[in-house]
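Following: one structure in structure tokens, then a few remarks.
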């Protein structure tokens, strides 16, 4: 556990980590028009959520390397998600440029996506802090609970539909 704590602090103190986060934010901002401050905030929230998750799992005596690896994969997939949305909004801008009669800017939708990511990361951090006996924001907690319920119902519905299609019908 001490290893992850020291690693987290060193990541946030190292100049190379700050420069790489800033470079990613600058690249995305320059190419896709998103706010570099939102991009930096999202990255720091990803890191904080990961390390608070490790702290939470360690406190609950449920820490395992496989869980830590899942957290690392979550952070990497969130970075890829940001890239995909950035490229998608840029492609949408290029495809619809001059064809729409209304003013459209893909950067607005990219920033909206970043706002939602920030909200969900704050809700996740809030959950980790609640497990560590900190007082929590009930609004963020309710958002997180509703999100989990919606995801579980959609997954169950999708799994039920896929099972129904693969099961042979009795005539």
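Here residue 116 fulfils each of the conditions (1) within 21 Å of residue 47 (Cα to Cα); (2) modelled with pLDDT under 75 apart from (2). Can we say residue 165 is modelled with pLDDT under 85, part of a helix (DSSP H, G or I) and surrounded by fewer than 11 Cβ atoms within 10 Å (Cβ to Cβ)? Spelling it out, residue 165 is indeed modelled with pLDDT under 85, part of a helix (DSSP H, G or I) and surrounded by fewer than 11 Cβ atoms within 10 Å (Cβ to Cβ). Screening 77, 20, 66, 29 for residues that are closer than 21 Å to residue 127 by Cβ and more than 17 Å from the chain's Cα centre (by Cα) leaves exactly one candidate, 66. Of all residues in the stretch 130-162, those that are touching a helix residue (DSSP H, G or I) at 6+ places or on another chain (Cβ under 8 Å), in a helix (DSSP H, G or I) and either free of Cβ contacts under 8 Å to residues at least 24 places away in the same chain or surrounded by fewer than 17 Cβ atoms within 10 Å (Cβ to Cβ) (or both) total 6. Here residue 121 qualifies as modelled with pLDDT of 85 or more and either part of a loop (DSSP other than H, G, I, E, B) or surrounded by 13 or more Cβ atoms within 10 Å (Cβ to Cβ) (or both).
Every condition in (1) surrounded by 10 or more Cβ atoms within 10 Å (Cβ to Cβ); (2) at pLDDT below 75; (3) in a helix (DSSP H, G or I); (4) over 20 Å from the mean Cα position of the chain (by Cα) holds for residue 104 except the one numbered (3).
Of all the listed residues (50, 87, 80), the sole one being modelled with pLDDT of 85 or more and surrounded by fewer than 11 Cβ atoms within 10 Å (Cβ to Cβ) is 80. Scanning the stretch 48-68 for residues that are assigned to a helix (DSSP H, G or I) and in contact (Cβ under 8 Å) with a residue 60 or more places away in the chain gives 48, 49, 52, 53, 55, 56, 59, 68.
The values are calculated or read from the model by the stated rules, or taken from the named source; none is laboratory data. Note that this is a predicted model, so its numbers are computed, not measured. Cβ: placed from backbone, ideal geometry, glycine included. Neighbour counts: every protein chain shown.
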